[in-house]
Each structure stands twice: as C-alpha cells, then as structure tokens.
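Chemist: Quick one: structure below, then a few questions.
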Amino acid sequence: MIGSGRGVGKQDLMRHLIAGNWKMNGTGQSLAEIEAIAAGTALVSFASEILICPPFTLVARAAALAKGRIAIGAQDCHPGRTGAFTGDISAEMLADAGATAVIVGHSERRRYHGETDALVAAKARAAWRAGLLAIICIGETDAQRQAGEAHRVISDQLAASVPPNAEGSTTAIAYEPIWAIGTGRTPSPSEIEETHARIRHHLVCPGERIRILYGGSVNPVNAQAILGLPTVDGALIGGASLRAGDFLAIAAACDPS
Ligand code: PGA
C-alpha cells in the first residue's frame, strides 16, 4: 500500500500507479465519486494501485470513506512541520488526516505560486519525513518544446527538484508536459517513450525502482496506448479523474485483457 509510514512494498512497485488529481474541484457531494471508485476497485481487482488526491478539505473524509480500499493523497504540502505559516498544511497534518501520498511541484503550483525546484525538493523531503509517497511533477512548456529545450528543462528539474536520496518506496515522478495538461493534446507514444527513458536514465537510485508516471490529457480513449508503453509506470490524471466511470476505465486499461 502507498505511503503509510512504512513505504511502498516491493510488490507494489511492480504495479502501475493510477493517481487522480482533483485540483480545486470537489465538495462533500463529490465523495460519492470516491465511494464509486472504491466500490469499483472492490468489484474488479485492478492490477494497478489506485490513488485519489482531492482538495485538502476532503482528505480526511475521503480517507475515512475509502477505508484502505483505495489510497487518498493531497495535492501539496508545506516543507515545515508546524509554525506560523497561515493557510499552509504540513505533510504531518496530511498523514494525520489519512493521506498516504502527496503531489509536489505540480506545474500549476510552480506557475501560480512561484514554486521553485528547491522548494519542491524541500516539500518532497517533508513528504518522506511524514511517511508519505512524494509524487514529484516535472514537464516542459510548449515554448520550451518548440525551442527544442524540453530535454534540458526536464534534466534541470530532475536535478534540482528530486532530492538525491529518492527511491521507489518514497517517490514517484510524474512527467507532465504543461502543454498537454487539460488541452486534449498528448505527446505521441514514441515521444513519451523517449522522454521517460531519459528520465529513467537520470534516476540513479540506490533502492527500489522509482515509478515514472505520465500526466496530461489521459482519458479512457488514449489510456491503453499510453499505459501499455514499457517505460510508463502509471498516470496522473486531472479532468478524467473527477468522474468515477472514466477514472475506472483508465485504471482498467492497465490490466491485461
Ligand atoms: P489533465 O491534468 O488530465 O486534466 O490534463 C493532469 C494534471 O494536471 O495532473
């Protein structure tokens, strides 16, 4: 099981991680989708690990509802444990609320909150300190891609936002090209393959293999083509994770038919 202070087991690391990022969407009513996802995974036993990251306000209720049937995570955390940081939430608080994972360095945090690679690395360390799986996001803008800078940008982000002692039991990387997020556009399978292979090359880690997820406009139609790629260890899903049916269809795409 993801996080829970005891890391991710060896068996789990062989499985795909299908993670939903609800962003700033969801109120108490949306817990029905979490229940539907949890119930869906009980009906069909998926080969992949399932994680939903609702907004902070729903984390505790979602975790209580999920009862371990699926994992619940958050979308951000502060690097510190406690202190005078109005409006912030620490990784320890998330763990206390029942979260077992946290997304850090999402491009929307980097863009709208000015988060730097160094801050993202500090947040990843905070996640580890609290026993949470850190899902560290990286990815290039359209302009960087057009300028042929995507590989350099990704290498720089990996070097500065993934702490050196990252390993598979504590960390996953989400490659999310910014131009693919919420746009319906995705890189071609061969582009995803190439980028994931480059990311893998950078991740020389001492322990278990770090999972590399793809994110950006994953939907039930393209899921099989993306998740079937040998270098893709799962997906981070925004829009399509808000509907249980679509999310479960994506998770089902990981299963051998
Ligand atoms: P999307 O978002 O699936 O809606 O493109 C992905 C993300 O931002 O994590």
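Chemist: From (1) under 23 Å from Ala134 (Cβ atoms); (2) within 14 Å of the ligand (Cβ to nearest atom); (3) aliphatic (A, V, I, L, M), pick out the condition that doesn't hold for Val221.
Modeler: It is condition (1) that Val221 fails.
Chemist: Another question, then. Can you tell me which residue among Gln11, Gln29 is modelled with pLDDT of 95 or more, surrounded by fewer than 20 Cβ atoms within 10 Å (Cβ to Cβ) and either assigned to a strand (DSSP E or B) or among the polar types (S, T, N, Q) (or both)?
Modeler: Numbers: Gln11 fails: modelled with pLDDT of 95 or more.
Criteria check complete, one pass: Gln29.
Chemist: I've got another one for you. Any idea how many residues of region 228-247 are within 14 Å of the ligand (Cβ to nearest atom) and either surrounded by fewer than 22 Cβ atoms within 10 Å (Cβ to Cβ) or part of a loop (DSSP other than H, G, I, E, B) (or both)? Can you show your working first?
Modeler: Taking region 228-247 and keeping what is within 14 Å of the ligand (Cβ to nearest atom), we get 234-243, 246-247.
Subsequent filtering for residues that are either surrounded by fewer than 22 Cβ atoms within 10 Å (Cβ to Cβ) or part of a loop (DSSP other than H, G, I, E, B) (or both) retains 238-240, 242-243, 246.
Here the count works out to 6.
Chemist: I'd like to verify a number: residues in region 160-174 that are in contact (Cβ under 8 Å) with a residue 60 or more places away in the chain and hydrophobic (A, V, I, L, M, F, W, C), how many? Before you say what the answer is, go through the steps one by one.
Modeler: If we filter region 160-174 for residues that are in contact (Cβ under 8 Å) with a residue 60 or more places away in the chain, which is where we start, we get 168-170, 172, 174.
Add one more test, that the residue is hydrophobic (A, V, I, L, M, F, W, C), and what stays is 172, 174.
Adding up the residues that qualify gives 2.
Chemist: Does Ala159 satisfy being within 18 Å of His106 (Cα to Cα) and not charged (D, E, K, R)? First the steps, then the outcome.
Modeler: Details: within 18 Å of His106 (Cα to Cα): yes; not charged (D, E, K, R): yes.
Taking the combined requirement at face value, the residue satisfies it.
Chemist: Tell me, which residue of region 61-109 that is of a type in the set (D, E, K, R) and free of Cβ contacts under 8 Å to residues at least 12 places away in the same chain is farthest from the ligand (Cβ to nearest atom)? Working first, answer last.
Modeler: First, pick out the residues of region 61-109 that are of a type in the set (D, E, K, R): 61, 67, 69, 76, 81, 88, 92, 96, 108-109.
Pick out the ones that are also free of Cβ contacts under 8 Å to residues at least 12 places away in the same chain and you get 88, 96.
Details: Asp88: 21, Asp96: 25 Å.
Ranking the qualifying residues of region 61-109, first place goes to Asp96.
Chemist: Given the conditions (1) within 14 Å of Ala19 (Cα to Cα); (2) within 14 Å of the chain's Cα centre (by Cα), report the number of the one that Phe46 does not fulfil.
Modeler: With respect to (1) within 14 Å of Ala19 (Cα to Cα); (2) within 14 Å of the chain's Cα centre (by Cα), Phe46 is out only on (2).
Chemist: Please enumerate the residues belonging to region 58-93 that are under 19 Å from Gly105 (Cα atoms) and surrounded by fewer than 12 Cβ atoms within 10 Å (Cβ to Cβ).
Modeler: Phe85, Gly87
Chemist: Mind checking which residues of region 248-257 are touching a residue at least 60 places away in the same chain (Cβ under 8 Å) and surrounded by fewer than 24 Cβ atoms within 10 Å (Cβ to Cβ)?
Modeler: Here is the first cut: in region 248-257, the residues touching a residue at least 60 places away in the same chain (Cβ under 8 Å) are 248, 250-252, 254-256.
Within region 248-257, Leu248, Ala252, Cys254, Asp255, Pro256 meet the criteria.
The values are calculated or read from the model by the stated rules, or taken from the named source; none is laboratory data. Just so it is clear, the model here is predicted, and its values are computed rather than measured. Neighbour counts run over all protein chains shown; Cβ positions are idealised from the backbone, glycine included.
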